[in-house]
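Data block below; observations after.
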Amino acid sequence: MLKDITLGQYFPGNSFIHRLDPRTKLLMLVVYIAALFIAKSWISYGMMLVFLIGCIAISRIPPKSIVRGMKPMVVILVFTGVLNVFMTAGETVWVEFWIIKITKEGVIRGFFMVMRILMLVTGTFLLTYTTSPIALTDGLESLLSPLKVLHLPVHELSMMMCIALRFIPTLIEETDKIMSAQKARGADLENGNLMEKVKALVPILIPLFVSAFRRADELATAMECRCYHGGEGRTKMKLLHYTLLDMVAFFVGAVLLAAVITLSVFGL
Amino acid sequence: MAPILQIKELEHTYSPGTPFQHKALDGVSFSVERGEFIGIIGHTGSGKSTLIQHLNGLLKPTSGQVLLDGVDIWSDKKITRQARFRVGLVFQYPEYQLFEETVYKDIAFGPKNMGLSQSEIDRRVRQAAGFVGLTEKQLEVSPFDLSGGQKRRVAIAGVIAMEPEVLILDEPTAGLDPVGREGILENIRAYQRARNATIMMVSHSMSDVARLTDRLLVMNGSRLAMDGTPEEIFVHAQQLLDMGLDIPDVTRVFLRLKAMGLDVDPVYSIDQAVAALKKLKEGGHHA
C-alpha cells in the first residue's frame, strides 16, 4: 500500500530528541553528515553507528518504522554496493573470474559506502520523525535568516517547504483513492509490458494533477482570506529558544566531530 | 434463487503490526438478494467504506469470505478481476477521477478494460449516458468543462457502462443541490429497474434511504449493528440516535408527537405520516 510510505512523516512524542530545538537538530544533522564523510576507519564508523543507534533508542521511534522507510532505498544501496565492489582496484584479490575481479579493498569500500548511505538516510529520517514540519521550517527559517541580507526569500522558501511537507500525506492518500477508483473500473496497474504500464499511469496522474492544482488554488484563497502577505512583520506563536538540552546535544555533537576528525588525522 | 452476494464473517485490519493498527471490520455477515435496493448507514469511521471496497475485491479480507454467486472472489485472479466488473463501485466524489479528453472516452474506460468490441462499447456508453441524462452533445465535450453535478453523472455513467449486476455507490449525492440529488437518485432507480440490478447505497440522508431502500444495514464500531427493512430499523430510533446517527425528519416529528401523548406509531415516510394522521383525525371524530 502507498500508505506505508513514511517519507516526511512525523511521530509525535516527548523524548529528549523530540524536545530539542529544531535548529539544534538541523545543525546536529549537518555535523553528523560531515562526520560521516570524514570518517574512514572501522573505529570511527563504529562510533557513528553507536551514536545513531543511541539516538534512535532515546527517541523511542520504533525501529520497525525506520526499517520500513528504508525499503525504497534498496535499489540504490544494492547498486552502490555492487558498483564499489567491482570497480575498486586493490591488491588482495579474492575472486577472479573472466573480467570480474573482486578484491578485499573493493568489498570493504562497498561495505563502507552502503553503510554511509544507510546511516545518512537514517539520520535524516530521525530528524523528520522527531520534528513536526512546522517546527522544522521554523528552525530552517531562523537558521537561514542571515541570508536575508543577500535578498534571499528565506521566509517564502521555508513556507513552501512547510506546505510541501504538509501535503505529502494528503497527496499520497489522494493517489490511493484515485488508484482504487480506477481499479474499480477495471484499470490494470500490475500487468503488461513497460509501455502498457506507463499508459496505465495516465488515468491516475491526470486526476492527481487536477486535484493538486485545485488544492493549491483553494489553499491560496484560504491564505489570502487570513491576510497572509509574506514574512514581513509576521510574528510567531511558538518562539524558538535554546535550552540546557540543546547545550548537551551540541556538546555531544562537538565531541563526536572532534573524535572523528582526530581519528582520521591519525589515519585510524 | 440463491443470493447474489454472501458476506461471511468478514474481518479487516489496517496496517497490521504497526502502531497504526486498526480493526475496521469485525465479524460482518449478511447476504444480498438480486434486485434489492440496500441502504448502508453508519457514522464516519464505522467501517462502511471498508466494507464496500471488499465487495468488488479492491480490499482483501484479513479473514472471512465474499461470495459472488456462490464463488469466493479471491479464489482465483481471474475471478477477482471479473468481480470488479460484475460489482460496480462508485466512490465518494467520483468526479475527481475523470481524466479523458471527452466525456465519451471517459465513460468508455471501463468497458474498454473489459475487452469488449468497439460496437458493444459504443452501445454501452450511449446507454449509460442515457441513464444519467447526458445529451449526445455533452458526450463530445471535455469532462472538465462540465458543472459539478454533471461531472458526477459522467463518473456514475462510467461505472454503469460496465453494466454491473450489483451497483454500489458511496454517498452519490454528497455536496449536490436538491435538484441534483433527486436527479441522481432517479438515475440510480432507472438503472435498477432496467437491469433488475442490485443497488447498495451508502448515505447520510435518512430521508433518502427511508424512501428508496428495501433494506438497511447499520454499521457501528466496525460491526454490523442492525439489518432489516427501514420499518424495522427506524422503530429503534433511539438506538440510532445513540449511535450518533440521524433519523428521518418525519420520524423525529412523530416521536415527539408520541411523547406529547398522541397515539401514533413511528413512521419513516411522508406517505405513512399522512395516512397515520388521517387515521388519527378520523379516529378522533369517532371518539
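State whether the residues of the stretch B:76-88 include one that is out of contact with any Phe, Trp or Tyr (no Cβ under 8 Å at 6 or more places or on another chain) and more than 30 Å from B:ARG153 (Cα to Cα). Reasoning before the result, please.
Step one: list which residues in the stretch B:76-88 are out of contact with any Phe, Trp or Tyr (no Cβ under 8 Å at 6 or more places or on another chain), which gives B:76-79, B:81-88.
Among the residues that remain, those that are also more than 30 Å from B:ARG153 (Cα to Cα) are: B:76-77.
Checking the stretch B:76-88: at least one residue is out of contact with any Phe, Trp or Tyr (no Cβ under 8 Å at 6 or more places or on another chain) and more than 30 Å from B:ARG153 (Cα to Cα).
Can B:GLU11 be described as touching a Pro at 6+ places or on another chain (Cβ under 8 Å), within 30 Å of A:PRO63 (Cβ to Cβ) and assigned by TED's automatic domain parsing to the domain that holds B:ASP170? Give the steps one after another, and end with the answer.
On the way: touching a Pro at 6+ places or on another chain (Cβ under 8 Å): yes; within 30 Å of A:PRO63 (Cβ to Cβ): yes; assigned by TED's automatic domain parsing to the domain that holds B:ASP170: yes.
For B:GLU11, the condition - touching a Pro at 6+ places or on another chain (Cβ under 8 Å), within 30 Å of A:PRO63 (Cβ to Cβ) and assigned by TED's automatic domain parsing to the domain that holds B:ASP170 - is met.
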- Message: I need a count of the residues in the stretch B:176-204 that are open to solvent by 10 Å² or more (accessible area, probe 1.4 Å) and within 14 Å of chain A (Cβ to nearest Cβ).
- Response: 0
- Selection from the stretch A:96-127 of residues that are assigned to a helix (DSSP H, G or I), without any contact (Cβ under 8 Å) to a residue 40 or more places away in the chain and crowded, with 16+ Cβ neighbours inside 10 Å: A:GLU105, A:GLY106, A:VAL107, A:ILE108, A:ARG109, A:GLY110, A:MET113, A:VAL114
- Complete set of residues in the stretch A:15-61 that are open to solvent by 30 Å² or more (accessible area, probe 1.4 Å) and among the aromatic types (Phe, Trp, Tyr): A:PHE16, A:PHE37, A:TRP42, A:PHE51
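Among what's in the stretch B:163-175 and is closer than 15 Å to B:ASN196 by Cα and assigned to a loop (DSSP other than H, G, I, E, B), pick the residue that is nearest to the other protein chains (Cβ to nearest Cβ). Before the answer, list the steps.
Step one: filter the stretch B:163-175 for residues closer than 15 Å to B:ASN196 by Cα, giving B:163-168.
Next cut, assigned to a loop (DSSP other than H, G, I, E, B) only: B:163-165.
Values: B:GLU163: 12, B:PRO164: 10, B:GLU165: 15 Å.
Only one residue fits best here, namely B:PRO164.
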- Item | Members of the stretch B:72-103 found to be open to solvent by less than 40 Å² (accessible area, probe 1.4 Å), more than 7 Å from chain A (Cβ to nearest Cβ), in contact (Cβ under 8 Å) with a residue 40 or more places away in the chain and part of a helix (DSSP H, G or I), listed by number | B:GLU95, B:VAL103
- Task: Could you list all residues from the stretch A:164-178 that are more than 12 Å from chain B (Cβ to nearest Cβ) and either among the aliphatic types (A, V, I, L, M) or not in a helix (DSSP H, G or I) (or both)?
- Result: A:ALA164, A:LEU165, A:ILE168, A:LEU171, A:ILE172
- Query: Going by the conditions given, is B:GLU33 more than 14 Å from every other protein chain (Cβ to nearest Cβ), within 28 Å of B:ILE188 (Cα to Cα) and either open to solvent by less than 10 Å² (accessible area, probe 1.4 Å) or touching a residue at least 40 places away in the same chain (Cβ under 8 Å) (or both)?
  - Reply: yes
- Item | Complete set of residues in the stretch A:197-212 that are more than 11 Å from every other protein chain (Cβ to nearest Cβ) and surrounded by fewer than 12 Cβ atoms within 10 Å (Cβ to Cβ) | A:VAL198, A:LYS199
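Looking only at the stretch B:1-41, count every residue that is assigned to a strand (DSSP E or B) and of a type in the set (Lys, Arg) and tell me the total.
First, pick out the residues of the stretch B:1-41 that are assigned to a strand (DSSP E or B): B:5-14, B:22-32, B:37-41.
Still in the running and of a type in the set (Lys, Arg): B:8, B:23.
Final tally of qualifying residues: 2.
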- Are any residues in the stretch A:179-196 in a loop (DSSP other than H, G, I, E, B) and either open to solvent by 50 Å² or more (accessible area, probe 1.4 Å) or among the β-branched types (Val, Ile, Thr) (or both), and if so, which ones? A:ASP188, A:GLU190, A:ASN191, A:ASN193
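Can B:PHE131 be described as surrounded by fewer than 22 Cβ atoms within 10 Å (Cβ to Cβ), in contact with a helix residue (DSSP H, G or I) (Cβ under 9 Å, 6 or more places away or on another chain), aromatic (Phe, Trp, Tyr) and away from chain A (no Cβ under 14 Å)?
Yes: the conditions hold for B:PHE131.
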- Query: Are any of the residues in the stretch A:62-69 out of contact with any Leu (no Cβ under 8 Å at 6 or more places or on another chain), open to solvent by 30 Å² or more (accessible area, probe 1.4 Å), basic (Lys, Arg) and part of a loop (DSSP other than H, G, I, E, B)?
  - Reply: no
- Note on the structure: Just one listed residue, out of B:ASP265, B:ASP249, B:ASP242, B:ASP271, is open to solvent by 60 Å² or more (accessible area, probe 1.4 Å), within 16 Å of B:SER205 (Cα to Cα) and charged (D, E, K, R), and it is B:ASP249
- Item | Single match in B:ILE38, B:ILE52 (criterion: at pLDDT 90 or above, away from chain A (no Cβ under 14 Å) and in contact with a strand residue (DSSP E or B) (Cβ under 6 Å, 6 or more places away or on another chain)) | B:ILE38
- Find the residue count for the stretch B:48-71, including only residues that are more than 21 Å from the chain's Cα centre (by Cα) and not in a strand (DSSP E or B). 2
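The values are calculated or read from the model by the stated rules, or taken from the named source; none is laboratory data. For clarity, every value in this text was computed on a predicted model and none was experimentally measured. So basically every Cβ, Gly included, is an ideal-geometry build from the backbone, and we count neighbours across all protein chains shown. Each accessible area value is taken on the protein alone, full model and side chains, heavy atoms only, with ligands, DNA and RNA left out. Shrake-Rupley method; radii C 1.70, N 1.55, O 1.52, S 1.80 Å.
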